[in-house]
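Structure first, then comments.
The values are calculated or read from the model by the stated rules, or taken from the named source; none is laboratory data. Small disclaimer: the values here were computed from a predicted structure and weren't measured. With ideal geometry, Cβ positions are generated from the backbone for all residues, glycine too; neighbour counts draw on all protein chains shown.
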Amino acid sequence: MNSTTKAVWKLLDDEQDYVVDLTQRMVRVPSVNPKFVVIDGQNNEAALQDVVEKEFADNGFKSDRWDVFEGRPNVVGDWAGNEERSLLLCGHVDTVPIGDESQWTADPFGGELKHDRIYGRGAVDMKAGLAACIAAARAIRRAGIRLDGRLSIHSVVDEEAGGFGTIDAIRKGHLAKAAIVAEPTWGKVQPCEGGLFWVRMTVKGKQGHAGWRFNEIWPQRHVPGRIVPGVNAIELASRFLWALRDYESIRCRTTYHPLVPPGLNTISPGALRAGAGMGPDGLPIIMTNPAIIPDLAVIDLDFKFLPNEDPEAVKREFESFVHHFCAQDRWLRDNPIEINWSLGDLYFPPMDTPVDHPLVRSLVQHKTALGNEPEVRGVEFVTDAAHYAGVGVAPVIFGPSGDGFHGYNENVEVASLLETTKVIAASILDWCGTR
């Protein structure tokens, strides 16, 4: 370890209370994403960004603040420097809802410190990670060190609903050569994650009266005046889902990435709505009358693919599967299942930063120096790191440990928070260099 890193780590040891206090203050500002639930006093992303912006101002960052959605601002702080050695640190301020408050044994917005953990919604996901980024930069500045490379901190909204805060920051040109996204990693260094599409499948049948179902499923003579048979969209969808399960199994068995669990590239049917008539939203109008043979079934899929898979190739392969499935059915041959790849405009590109990338090596080195060699592996879920990867940034995910992730009694371990801050600070120094 060089003398510069030693000086910053000593300062962090001497001022441990800062990152703990900042995490507590951030947890005490409720910032539930309003796309999930709107509750008076709980949707305060702007107030939390006020806290972040003040920290930026106190530590010499030049801030850019703008609304991504009305009343929901991003804040980006910059220290000027060399673009070739530029680094961005990213954390999101929005959280999922608290759910049934009676299931919490701690105040979900109390930021209570007990048993060496900080409790509250967003504690580990991911206000502690953002606090660690700010505290790491603060320690570098307080140690009198000036970086060669530009350092940015992105404090973004809306990660929990698709990452549209980060997407908007990217649109505005807030980029760097590499990135650390401080999501919780439980001590691991995570340089890759799979991609994700949300896909809508629309299956169209033909309406009819359920009393004439026999006319649809049992062989009938085609005599003059015979009522045209209905086609039950639910049954078509059911057959498709069975075929999809087989297709999913084949994909999971025949593709591989060394850093993620086998079979990560699942295709999960997440929502199915069926009935009669299509409304302007593309969903069935009538879903309460079983006397009507349904002519519409809409299936929404959570479609994952591996970090080393080409998104366009994934789409082509799936479209070929759907085409051949439809070709085997007389009705679907002429009325094929429709595929919408942009459901909710949600898409996470794959991320596959090499394990020998200098930023990966730096994080591993400094985590090891603190007593534990970290596992290097991929992330099972998706994060804002994907959006940076999609525009050529080299991201790595590294953050603290805790519990209650998207559950009750969410908390972050203080020891992990302090260690994470040190490792991020040392990697900033490695990547950006000093002058």
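Computed values, structure above
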{"read-out": "Matching option when the condition is out of contact with any Leu (no Cβ under 8 Å at 6 or more places or on another chain), over 12 Å from Glu410 (Cβ atoms) and polar (S, T, N, Q), among Ser102, Ser86", "value": "Ser102"}
{"read-out": "Strands (runs of 3 or more DSSP E) enclosed by region 69-148 - at least 1 residues per element that are under 21 Å from the mean Cα position of the chain (by Cα) and buried (at least 18 other Cβ atoms within 10 Å of the Cβ)", "value": "72-79, 82-92"}
{"read-out": "Condition broken by His323, with the remaining ones in (1) touching a Pro at 6+ places or on another chain (Cβ under 9 Å); (2) more than 30 Å from Pro258 (Cα to Cα); (3) buried (at least 16 other Cβ atoms within 10 Å of the Cβ) satisfied", "value": "(3)"}
{"read-out": "Residue check, Ser416 buried (at least 23 other Cβ atoms within 10 Å of the Cβ), in contact (Cβ under 8 Å) with a residue 60 or more places away in the chain and among the polar types (S, T, N, Q)", "value": "no"}
{"read-out": "In region 413-435, the residues that are more than 12 Å from Ala128 (Cα to Cα), in a helix (DSSP H, G or I) and touching a helix residue (DSSP H, G or I) at 6+ places or on another chain (Cβ under 7 Å)", "value": "Lys422, Val423, Ile424, Ala425, Ala426, Ser427, Ile428, Leu429, Asp430, Trp431"}
{"read-out": "Scope region 384-401; condition buried (at least 24 other Cβ atoms within 10 Å of the Cβ) and assigned to a loop (DSSP other than H, G, I, E, B); matching residues", "value": "Asp384, Phe398, Gly399, Pro400"}
{"read-out": "Residues located in region 183-195, provided they are over 15 Å from Pro374 (Cα atoms) and small (Gly, Ala, Ser)", "value": "Gly194, Gly195"}
{"read-out": "Members of region 249-279 that are more than 22 Å from the chain's Cα centre (by Cα) and surrounded by 17 or more Cβ atoms within 10 Å (Cβ to Cβ)", "value": "Arg251, Ala274, Gly275, Ala276"}
{"read-out": "Glu319 in a helix (DSSP H, G or I) and acidic (Asp, Glu)", "value": "yes"}
{"read-out": "Index of the failed condition, Ile234 passing every other in (1) out of contact with any strand residue (DSSP E or B) (no Cβ under 6 Å at 6 or more places or on another chain); (2) modelled with pLDDT of 95 or more", "value": "(1)"}
